[in-house]
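First the structure, in the form of structure tokens, and then the observations on it.
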Amino acid sequence: MVMSWTPTDAETLLHAAFPWSAHVTVEGGSKFVSARYAVLEENFGVAEALLRFERDPGDTVQRVRRSQLEHAVNTGILELDSGASVCQPEVTDMPLLASPFRDLIGYQPTIEHGWIARMRLHQSWWRAFRLRVPYGTGPTRSSKTRYGNMLDDDGAARGLNFLTDEACAAYDERVAVTPVGVDEWRTRRNLLASQPMAFNLFGHLSKHLGLATGLFQRLLSNGEVSAVTSIEIERLSDALGDRTAFDAFVTYRRPDGAHACVVVETKLTEPFSQQSYDWTRYVAHTAFDATVWTTAEPNVLGDGRWSQLWRNHLLARAESAACDGLGPATLLVVHHPLDPHCRRNVDAYRALLHEPTEVRAVDLLAIRDVLGDLVVGDDNQEKWLADFSDRYLDLRLSDALRGIEDTAPAGA
């Protein structure tokens, strides 16, 4: 008995199998990538439907059975009786499109170069070929420009900027307390931003404190950490009287039972903030201890290359003093290994400290390598770490997108 179905049923199956573009090989072996395809309502039958895949020039219409579409949903491959086949496109298929950036990859600013441009392209690759969803507008709510690294309304609503359910749950729990300190548009939509990266790393680890313990035991070393006891993302603080937040805040217990904490600053492509403050007021704050720094000169400590770092360091010391039970604080700057400036600026700031170990820098590659040893044998954690590595570290995956020419303006 043949099950009845409707054009809507067929359309749902088609886009479940190929959610964002399709690579079509027609009879005779000719290939193209179609960004627009649909089920034709005319001539729709109980046994078969007609699919139209648009291309320029010359669309193709193919007959399909329900069983074939259902099989494609499970395998990602649609084999048709005509000899044609459909699969999900890959990076190497982009030359088949006349306008790959307009149709699939997404807009890349032509005035942007270097490190930020490379990471924007890679996040566009992640969206197009791993998430397989359309690109959206950004970087702010009022923006009209569509970028390859931005998710659209549907992608944001589905939580696709988060790598795991745990990371998404950490975000939901944080904004349920207060949205202050979390940029909802940026965090849910901008794949290039550091705030979603903080949730994808430390938000995930906040639900797996045993794994977090293993990580910080290696990062801090010297038998410093017995057990991580909590991880907060975007912890608000008014310890300096200017209402700010820590990207991540880790508390732990030492082997002797004493408590301590790690304040985490995460960087992906954003430089340290260049915002200017009344640095003289910060030097006068009770949290400023002249025995910690080698200078009390506001202009030196407030140098734009590391002024955000100094402010975060001072805030960490103030928070530690203001909250009973936190213990001493270490500032940890987490950055990308290819960032050309972050490590250098951290090292320059550490030179202003009598005890440089109060501030440390670690790159994402080192974190991945430590976690790689810790997740062996746990399929879920191995997948999380593999996805984290592919999205943020393995830029070779998007190398084929570099140098692709587009016959239409990327933002068209």
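Readers should treat all values here as calculations from the given coordinates under stated rules, not as data from a laboratory. Keep in mind the model is a prediction, meaning the values are calculated, not measured. Positions of Cβ are backbone-derived with ideal geometry, glycine not excepted, and every protein chain shown enters the neighbour counts.
For the pair segment 272-338 and segment 166-222, the centres of their Cα atoms are 22 angstrom apart.
The equivalent ellipsoid that matches the C-alpha gyration tensor of the chain spans semi-axes of 49, 23, 18 angstrom, in descending order. Toward the positive end of the charge dipole of the chain, with +1 on the Cβ of Lys and Arg and -1 on the Cβ of Asp and Glu, the farthest Cα among Leu393, Ala366, Pro340 is that of Pro340.
Relative to the Cα centre, the charge distribution of segment 165-392, modelled as +1 at Lys and Arg Cβ and -1 at Asp and Glu Cβ, gives a dipole magnitude of about 320 debye. Positive end of the dipole of segment 165-392, charges at C-beta (+1 Lys, Arg; -1 Asp, Glu), about the Cα centre: which of Gly181, Thr294, Leu331 has its Cα farthest in that direction? The residue sitting farthest along the positive end of the dipole is Thr294.
Using C-alpha pairs under 8 Å with a sequence gap of at least 6, the mean separation divided by the residue count of segment 7-96 gives a relative contact order of 32 percent. Could you give me D for segment 131-237, from Stokes-Einstein at 37 °C and 0.692 mPa s, where the hydrodynamic radius is the Kirkwood radius over C-alpha pairs? Units µm² s⁻¹, please. D = 221 µm²/s.
Taking every alpha-carbon pair under 8 Å whose residues sit at least 6 apart, segment 165-392 reaches a relative contact order of 17 percent. Placing unit charges on each Cβ (+1 for Lys and Arg, -1 for Asp and Glu) gives the chain a dipole about its Cα centre, and among Leu352, Val250, Asn74 the Cα reaching farthest toward its positive end belongs to Leu352.
Classify segment 346-400 as rounded, prolate or oblate, taking a ≥ b ≥ c as the square roots of the eigenvalues of its Cα gyration tensor: rounded when a/c is under 1.5, otherwise prolate if a/b is larger than b/c and oblate if not.
Because a/c hits 1.5 or more and a/b fails to exceed b/c, segment 346-400 counts as oblate.
Using a cutoff of 8 angstrom between alpha carbon atoms and counting only pairs six or more residues apart, the relative contact order for the chain works out to 13 percent.
Pairwise Cα distances in segment 255-354 exceed 17 Å in 54 percent of cases. Sorting the segments 360-368, 379-387, 145-153 by their mean number of nearby beta carbons within 10 angstrom, highest to lowest, gives 145-153, 360-368, 379-387.
Ordering of 168-181, 202-215 by packing is 202-215, 168-181, highest average first (other Cβ atoms within 10 Å, averaged per residue). Gain on full extension, evaluated as 0.36 nm per residue between Thr291 and Asn222 minus their Cα-Cα distance, stands at 22.5 nm.
Please give the helix 66-75 orientation as an angle from the longest Cα principal axis of the chain, in degrees from 0 to 90, rounded to the nearest 10. So the helix axis and the longest Cα principal axis differ by about 30 degrees.
Over all other residues within a Cβ to Cβ distance under 12 Å of Arg189, the charged ones net out to +1, with Lys and Arg as +1 and Asp and Glu as -1.
Mind checking the angle between helix 364-374 and the chain's longest principal axis? C-alpha axes, 0 to 90 degrees, to the nearest 10. Approximately 80 degrees, to the nearest ten.
The charge dipole of segment 7-96, taken about its Cα centre with unit charges on the Cβ of Lys, Arg, Asp and Glu (plus for the first two, minus for the last two), comes to roughly 80 debye. Dimensions of segment 165-392 from C-alpha coordinates, computed as largest minus smallest value along each principal axis and given longest first, are 52, 43, 35 Å. Net charge near Arg344: determine it from the other residues with C-beta under 12 Å of the C-beta of Arg344, scoring Lys and Arg +1 and Asp and Glu -1. Neighbourhood net charge equals +1.
Each Lys and Arg adds +1 at its Cβ and each Asp and Glu adds -1 at its Cβ; summed about the Cα centre, the chain shows a dipole of about 600 debye. Counting beta carbons within 10 Å around each of Leu50, Leu97 and listing the fewest first gives the order Leu50, Leu97. Taking Cα atoms only, the orientation of helix 209-220 departs from the longest principal axis of the chain by about 60 degrees.
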